[in-house]
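Novice: Here's a structure for you.
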Amino acid sequence: AQRVTQPEKLLSVFKGAPVELKCNYSYSGSPELFWYVQYSRQRLQLLLRHISRESIKGFTADLNKGETSFHLKKPFAQEEDSAMYYCALTFQGGSEKLVFGKGTKLTVNP
Amino acid sequence: SAVISQKPSRDICQRGTSLTIQCQVDSQVTMMFWYRQQPGQSLTLIATANQGSEATYESGFVIDKFPISRPNLTFSTLTVSNMSPEDSSIYLCSVAPHRNEQFFGPGTRLTVL
């Protein structure tokens, strides 16, 4: 069965500090990994996906198949990055349904 | 992109009753999903609703408890039947107008007393 693990429920950093939100997955096939973000009083939205190899709002994430990880990183956190972050997985050739991790609440302090 | 609205945004219901949640999309989409987010938990997929076919339910969810309608390509409803306090959750619909991105509604916050 597919599973996504986000070990940190809460993460607090200071503005300007690097931040890394951890995500590990369990899936025997070829997964597609995503990070979704939910800012306060806003709906859940896509932040980035591994196949695009993109950087959004300064965030990057690299899929490491050997370690089955997809950690989200940003070198210099900003206060507006404070939000709930969810790692999610779907599988290639599947029905697009997403399996979510439990989420990490990131707080960036001034 | 796709813009999704849900009704109601929140409700407080008595146990044993049923609530129907509506999901409206501003464009035609084939795949629509219903998720549940219980307090302090992650999002869990309830079912996939494609127009013109029966909804596909995930393990642990059954049609009698969560009947779904999908009458056209822009609309779906999820009914939470015979509610108990354990059904208190946020219910979200989402759509996948193209591969590799889902758009989510604002959610319906349900409290069952």
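The values are calculated or read from the model by the stated rules, or taken from the named source; none is laboratory data. Only a predicted model underlies this, so the values are computations on that prediction, with no experimental measurement involved. Cβ sites come from the backbone with ideal geometry, for glycine too, and all protein chains shown count toward neighbours. The area values use the complete protein model at the heavy-atom level, side chains included, leaving out ligands, DNA and RNA. Shrake-Rupley method; radii C 1.70, N 1.55, O 1.52, S 1.80 Å.
Novice: A:Ser26: modelled with pLDDT of 95 or more, under 23 Å from B:Gln41 (Cα atoms) and more than 14 Å from chain B (Cβ to nearest Cβ), yes or no?
Specialist: On the way: modelled with pLDDT of 95 or more: no; under 23 Å from B:Gln41 (Cα atoms): yes; more than 14 Å from chain B (Cβ to nearest Cβ): yes.
When the stated conditions are applied, A:Ser26 does not pass them.
Novice: Anything in segment A:38-59 that is under 26 Å from B:Gly40 (Cα atoms) and out of contact with any Pro (no Cβ under 6 Å at 6 or more places or on another chain)? List them, or say none. Break it down into steps so the answer makes sense when it comes.
Specialist: If we filter segment A:38-59 for residues that are under 26 Å from B:Gly40 (Cα atoms), which is where we start, we get A:38-49, A:59.
Selection gives A:Gln38, A:Tyr39, A:Ser40, A:Arg41, A:Gln42, A:Leu44, A:Gln45, A:Leu46, A:Leu47, A:Leu48, A:Arg49, A:Phe59.
Novice: Just one of (1) open to solvent by 20 Å² or more (accessible area, probe 1.4 Å); (2) within 14 Å of chain B (Cβ to nearest Cβ); (3) not basic (Lys, Arg) trips up A:Leu48, so point out which.
Specialist: (1)
Novice: Pairs, please: C-beta under 6 Å, at least 6 apart or cross-chain, first residue hydroxyl-bearing (Ser, Thr, Tyr) and in segment B:33-44, second not in a loop (DSSP other than H, G, I, E, B)?
Specialist: Here the result reads B:Tyr35/B:Leu43; B:Tyr35/B:Leu45; B:Tyr35/B:Leu92; B:Ser42/A:Phe100; B:Thr44/B:Arg36, each pair linking segment B:33-44 to a residue that is not in a loop (DSSP other than H, G, I, E, B).
Novice: Here's a follow-up. Among the residues of segment A:51-110, how many are touching a residue at least 60 places away in the same chain (Cβ under 8 Å), part of a strand (DSSP E or B) and either within 13 Å of chain B (Cβ to nearest Cβ) or surrounded by fewer than 18 Cβ atoms within 10 Å (Cβ to Cβ) (or both)? Quick ask: steps written out before the conclusion?
Specialist: Narrowing segment A:51-110 to residues touching a residue at least 60 places away in the same chain (Cβ under 8 Å): A:76-79, A:81, A:85-89, A:91-92, A:98-110.
Now restrict to residues that are part of a strand (DSSP E or B): A:85-89, A:91, A:99-100, A:104-109.
Filter again for either within 13 Å of chain B (Cβ to nearest Cβ) or surrounded by fewer than 18 Cβ atoms within 10 Å (Cβ to Cβ) (or both), leaving A:85-89, A:91, A:99-100, A:104-105, A:107, A:109.
Qualifying residue count, segment A:51-110: 12.
Novice: Where in segment B:27-110 are there strands (runs of 3 or more DSSP E), lying fully within it, with 1 or more residues that are more than 14 Å from the chain's Cα centre (by Cα) and closer than 30 Å to A:Ile51 by Cα?
Specialist: Numbers: elements: B:31-37, B:43-50, B:68-72, B:75-80, B:89-98, B:101-104.
The strands (runs of 3 or more DSSP E) meeting that bar are B:89-98, B:101-104.
Novice: So, in segment B:91-104, of the ones that are touching a Ser or Thr at 6+ places or on another chain (Cβ under 7 Å) and either at the interface with another protein chain (Cβ under 7 Å from one of its Cβ atoms) or open to solvent by 10 Å² or more (accessible area, probe 1.4 Å) (or both), which residue ends up modelled with the lowest pLDDT?
Specialist: Of segment B:91-104, the ones touching a Ser or Thr at 6+ places or on another chain (Cβ under 7 Å) are B:91, B:93, B:97, B:102-104.
The next check asks that each one be either at the interface with another protein chain (Cβ under 7 Å from one of its Cβ atoms) or open to solvent by 10 Å² or more (accessible area, probe 1.4 Å) (or both); those that pass are B:97, B:102-104.
Details: B:Pro97: 80, B:Gln102: 87, B:Phe103: 91, B:Phe104: 94.
Across segment B:91-104, the extreme among qualifying residues is B:Pro97.
Novice: Still on this structure, I have one more. Taking A:Val13 as meeting all but one of (1) modelled with pLDDT of 95 or more; (2) in a strand (DSSP E or B); (3) within 16 Å of the chain's Cα centre (by Cα), write down the number of the exception.
Specialist: The single condition A:Val13 does not satisfy is (3).
Novice: Please tell me if B:Leu110 is hydrophobic (A, V, I, L, M, F, W, C), away from chain A (no Cβ under 14 Å) and either touching a residue at least 24 places away in the same chain (Cβ under 8 Å) or crowded, with 21+ Cβ neighbours inside 10 Å (or both). Walk me through how you get there before you give the answer.
Specialist: Details: hydrophobic (A, V, I, L, M, F, W, C): yes; away from chain A (no Cβ under 14 Å): yes; either touching a residue at least 24 places away in the same chain (Cβ under 8 Å) or crowded, with 21+ Cβ neighbours inside 10 Å (or both): yes.
Yes; evaluated as a whole, the condition is true for this residue.
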